[in-house]
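One structure below.
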Amino acid sequence: ALFASRPVLARMLAQTALDATAATAELTARLAADRKELTAGLLDGRDPGPLTRVELGRGDAHEGNRSVAVLHFSGERLVYKPRPLGQHALLDDLVGWLNAKVPGLELRTPRSLRRETYGWLEFVEHRWCRTVTETDAFYRRQGAVLALLYAVDGADMHYENVIACGDQPVLVDAETLLHTGLAQSMTAGADPAADALRASVHRTCLLPHLLIGEQGALDISALGRSTDGTYPSEGLHWRDSGLDTMRAVRGPLLSPAAHNQPLPAGRLLEGADHRAALLEGFRAAYTAIATDGGELLREDGPLMSGADRPARLVARATRLYAALLEESAHPSLLGDALAREGVFAVLWTESEHDGARRRLIEHETAALWRGDVPLFTHLPSGTAVRADDGTWLPGLLPVAGVASVREKIARMDEVDCHDQEWIITATIAARGAGSPLDRPRSELAVEPVPAVAPDASRLIAAACGIADEIAARAVRDGGRTNWLGLERVSGPHWAVLPMGAGLAQGYCGVALFLAHTDALTGAGRYAALARDAVRQLPALSKTLADDPELSAAAGPGAYDGLGGIVYALLRLSALLGPEPADCLPDALTALGHAASASSDP
């Protein structure tokens, strides 16, 4: 009777049972076949004794409920990965090369036993650092890892993928090296600052990286995550489990800490102040790669040998897939397959302006129906992508992974190193419960400064100096200009992000300053930069005018909302000519949407 009223539940249970049986039988067969080599290699000849426990689900389930597992024996532990370890082999080669170039680095990678379709890793034990010297060595190595991952387009190295083993940050998941990724869809055109951030050290996820939601913010980075936290979005969980009153309810979910930190909870990076060691390690490894990186790209070099080894493509955030699986398993959806299919249709909405991801949706939906997180792979030598059902989708990536890395290493120089170091220091400065921007610059008590009539020429010279610094930090591409800056993202939380359009913290305010400076000095160069900064406003205004909900989200505010944008357009049209005011009708329409929404009860 239950399955007759809930046929979707019957289908899900049957599929899960079949997949779990097949995956577990496959694991045990592989263990039996490889036990001798595992004992001789990863365990240094020590007999592990009988298998006592298997921890399944240590990662996301892919390709028929297959996931990373930790095998417990009577005296040892091993990690089983049901996918090829070609990227781990590449990491071994890259780290070996870097250790030879940077004296005293001695980075460690986990030992592995690799098979064609799966592999084994040694279990890396977490251990706290015992001394300041050990902690400094950890962060110096962490900085070197950051430079290496930046150079080879490593991504998704979050807190669960790094184990702090004394003075060694050990990467235990290297599936996403040479990760060129899919292009991000833009409703209002490309943003060069956003492109620069995506190509920077920020993409590695080693640096502090916040997830923002209705339950607050959660740092998921390898460098920043230190304690248990609340996941920023509500999720479904079971109340009264095991009782007749058991039911699915929505609420906050605990996100437990992992083993990425070298110091006990409460002794964070800013407290111990090992930033200098982090930057020193980054600079040493960056210099080595910038100087001799051509060796990596030779035909017999590590990168070219890894170009035909499968690498994972992170097409969408895993948390989106997890949310869809969770929501689609709600009891109210288990009586009608079309109702559950409607949940997965969110992927079509997410991909409305994204042709590349639309090509993935049928494969994503099939994997989600099976209960899996969709898995996509690619060969870094090409642009095709393989779905988890074996289908190849040609020409999906914008550029081959190896080609992207070749271009990046070729342009690594002192200027780029300085830019990446700024992102590192700014990201660390912004982490935590409050930004340094919210705290007093100094606690020194100074005597009141007597009033002095300002010298106009000195003030104008100072303004020009600021404008020149702004121009030097501009990111330009295709006639568009923007900047990276510290942006408040939620409550007390700040992050390094491309500037938005707002007046107080966005490019409209920067453009207004540049235009005023140009009008006062007659320099000419600042006006051109101001025009480039607001070149995207017509497309943005049109998008907001056509979407009342988006306008409502932007708000009518003067500092951060549409009121400030309208003000900037009026002032810029007076300073730069009438062109900025061409989009004023759309901007006023969007402001009207935002004002109406804010006045609704």
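No value in this document is a laboratory result; all are computed from the given coordinates. Just so it is clear, the model here is predicted, and its values are computed rather than measured. Cβ coordinates were reconstructed from backbone atoms using ideal geometry, including for glycine residues, and neighbour counts include every protein chain displayed.
Structure summary
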quantity	calculated
3J(HN,Hα) from dihedral phi, the range 207-213, Karplus parametrisation 6.51/-1.76/1.60, rounded to Hz, x for glycine, proline	6, x, 9, 8, 9, 10, x
Kirkwood estimate for the range 3-67, i.e. one over the average of 1/r between Cα atoms, Å	14.2
Placed amide H near GLY485: partners under 5 Å, 5+ positions off or other chain	LEU497, MET499
Derived scalar couplings ³J(HN,Hα) [the range 249-260; Karplus, 6.51 cos²θ - 1.76 cosθ + 1.60; whole Hz; x for Gly, Pro]	10, 9, x, x, 10, 6, 10, x, 6, 10, 10, 8
Net charge of neighbours whose Cβ lies under 13 Å from the Cβ of LEU512, counting Lys and Arg as +1 and Asp and Glu as -1	+1
Only Lys, Arg (+1) and Asp, Glu (-1) charged, at Cβ; the range 2-81 dipole about Cα centre in debye	220
Positive dipole terminus of the chain, leading residue within ALA511, PRO7, TYR159 (C-beta point charges)	PRO7
Candidate lysines for bridging to LYS81, where Cα separation is under 30 Å - those fewer than 8 sequence places away on the same chain excluded	LYS36
Helical contribution to [θ] at 222 nm, DSSP H n ≥ 4, -39,500 (n - 2.57), averaged over the chain, rounded to 500	-13500 deg cm²/dmol
For THR383, distant residues with modelled amide H under 5 Å away	GLY395
Protection proxy ranking, peptides 217-226, 457-466, average beta carbon neighbours within 10 Å, highest first	217-226, 457-466
The chain, dipole about Cα centre (Lys/Arg Cβ +1, Asp/Glu Cβ -1), debye to the nearest 20	660
Dipole of the chain, positive direction: furthest Cα of ALA29, PRO103, TRP494, with charges on the beta-carbon	ALA29
Rg(Cα) / (2.2 N^0.38 Å) computed for the range 281-430, rounded to two decimals	1.37
Net charge dipole size for the range 313-390 [Lys, Arg +1 and Asp, Glu -1 on Cβ; Debye, nearest 20]	240
Shape of the range 316-378, Cα gyration tensor, a/c cut at 1.5	prolate
Karplus (6.51, -1.76, 1.60) ³J(HN,Hα), θ = phi - 60°, over the range 54-59, in Hz, Gly and Pro reported as x	10, 8, 8, x, 7, x
Rg over Rh [alpha-carbon atoms, Kirkwood Rh] for the chain	0.99
Local net charge near LEU297, Cβ-Cβ under 12 Å (Lys/Arg +1, Asp/Glu -1)	-2
Sequence-distant residues sharing a close amide H with GLY229 (under 5 Å, placed H)	SER255, ALA257
